[in-house]
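Novice: After the structure tokens below, expect a handful of questions from me.
Please treat every number below as a calculation from the coordinates, not as lab data. Since the model is a prediction, treat every value here as computed from it, not as a measurement. Cβ placement follows ideal geometry from the backbone for every residue including glycine, while neighbour counts extend to all protein chains displayed.
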Amino acid sequence: MKLIKITKSGALHFRLSDGRLGACYESGYVRVQTKGRNMYHGRKTMYQINKMIKVLVPTKWNSENTN
């Protein structure tokens, strides 16, 4: 895995050992490029490989405030 670039927004783009692209974003998302081309538009696409868990923070506008 080789670092290719760092974007202005802080995303890290890597070239993986099998030739695909990988990207790690500031939000925590990690995406990897597919090996083959998409059958509909002919481009390689990216898919997310990590599961993101949304955490609900209690506020005065939520009805789920904890006391």
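Novice: Out of the residues in region 2-26 that are assigned to a loop (DSSP other than H, G, I, E, B) and surrounded by 10 or more Cβ atoms within 10 Å (Cβ to Cβ), state the one that is nearest to the chain's Cα centre (by Cα).
Specialist: Only one residue fits best here, namely Tyr25.
Novice: Here's another thing I want to ask about it. So which residues in region 24-42 are in contact with a Leu (Cβ under 7 Å, 6 or more places away or on another chain) and among the hydrophobic types (A, V, I, L, M, F, W, C)?
Specialist: Cys24
Novice: Looking only at region 39-47, decide whether some residue is in a strand (DSSP E or B), touching a residue at least 12 places away in the same chain (Cβ under 8 Å) and surrounded by 10 or more Cβ atoms within 10 Å (Cβ to Cβ).
Specialist: Yes - at least one qualifying residue is present in region 39-47.
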